[in-house]
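Scroll down for the structure; my scribbles are underneath it.
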Amino acid sequence: MKFEIEFFGHENIRSNHQKTIEITKESHLTPKGDCIIGINATSSCADLPQELKDKLKTSDAKIIFLISVGKHEFVIEGKGHPDLILAHSEDIVIRKSDFICPRTLAINCDKASDLLPREMVSLLHNPKTKGIFTITVD
């Protein structure tokens, strides 16, 4: 199953957090949001289709995330978990750790925002830059 979420850049995108990546439906961003790679997202955890949520809540679910910005692509692999809540109305966070809260979409991911190519981060400093966050669950 595949699901796409559009998001946009912001001048305060830093993308230097070592444990998480976040996209948000919020329209503003302070420099403290150092894991955030996009704002004005079209979906949050709460907005995901129920069929996708059910697949994400499988302990052996392998999840592939593809972040596309311009001609650049960045792939992250993560895991699902039966305890995922998937209820946050604004945010989606994927984590290298196994911490779960309403914002958590996947755990035990192999990358975080600090590894996002700097060319992508530079493009995302422009609020008009659109990105695509694609979720694929096996």
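Here, each number is a calculation from the coordinates, and none is a lab measurement. Worth saying up front: this structure is predicted, and the values here are computed from it rather than measured. All Cβ positions, glycine included, derive from the backbone under ideal geometry; neighbour counts span all protein chains shown.
Can you work out the Karplus-derived ³J(HN,Hα) for every residue in segment 27-41? Use 6.51 cos²θ - 1.76 cosθ + 1.60 with θ = phi - 60°, whole Hz, and x for glycine or proline.
The phi angles translate into 9, 10, 7, 9, x, 5, x, 7, 9, 6, 10, x, 10, 6, 5 Hz.
Beyond a 30 Å Cα-Cα separation, which of these cross-linked pairs lie in this structure: Lys55/Lys128; Lys62/Lys128; Lys25/Lys111; Lys32/Lys128?
Result: Lys55/Lys128; Lys62/Lys128 exceed 30 Å.
What does the charge count near Arg103 come to, summing +1 for each Lys or Arg and -1 for each Asp or Glu among other residues with Cβ under 10 Å from its Cβ? Could the numbers behind the result be given before it?
Details: positive: Arg95; negative: Glu22, Glu90, Asp91.
Net charge around Arg103: -2.
Just to confirm a number: summing +1 for Lys and Arg and -1 for Asp and Glu over residues other than Pro117 whose beta-carbon lies under 13 angstrom from that of Pro117, what do you get?
Residues close to Pro117 contribute a combined charge of 0.
Given the rule -39500 (n - 2.57) for each run of at least 4 DSSP H residues, summed and divided by the residues of the chain, what is its mean residue ellipticity at 222 nm, to the nearest 500 deg cm²/dmol?
Working: 2 runs with 14 residues, N = 138.
Roughly -2500 deg cm²/dmol at 222 nm, from the helical runs in the chain.
All other residues with a Cβ under 10 Å from the Cβ of Ile36 taken together, and with Lys, Arg as +1 and Asp, Glu as -1, what is their net charge?
Values: positive: Arg14, Lys32; negative: Glu22, Glu26, Asp34, Asp91.
Residues near Ile36 contribute -2 overall.
Order these peptides, 13-26, 59-72, by their mean beta-carbon neighbour count within 10 angstrom, highest first.
Per-residue mean Cβ counts within 10 Å order the peptides as 13-26, 59-72.
With a cut-off of 8 Å between alpha carbons and a minimum separation of six or more residues, what is the relative contact order of segment 15-138 in percent?
31
Among Leu116, Thr136, Pro49, whose Cα sits farthest toward the positive end of the charge dipole of segment 2-137 (+1 at Cβ of Lys/Arg, -1 at Cβ of Asp/Glu, about the Cα centre)?
The one lying farthest along the dipole's positive direction is Leu116.
About its Cα centre, how strong a charge dipole does the chain have in debye, to the nearest 20, once Lys and Arg get +1 and Asp and Glu get -1 at the Cβ?
That gives a dipole near 200 debye.
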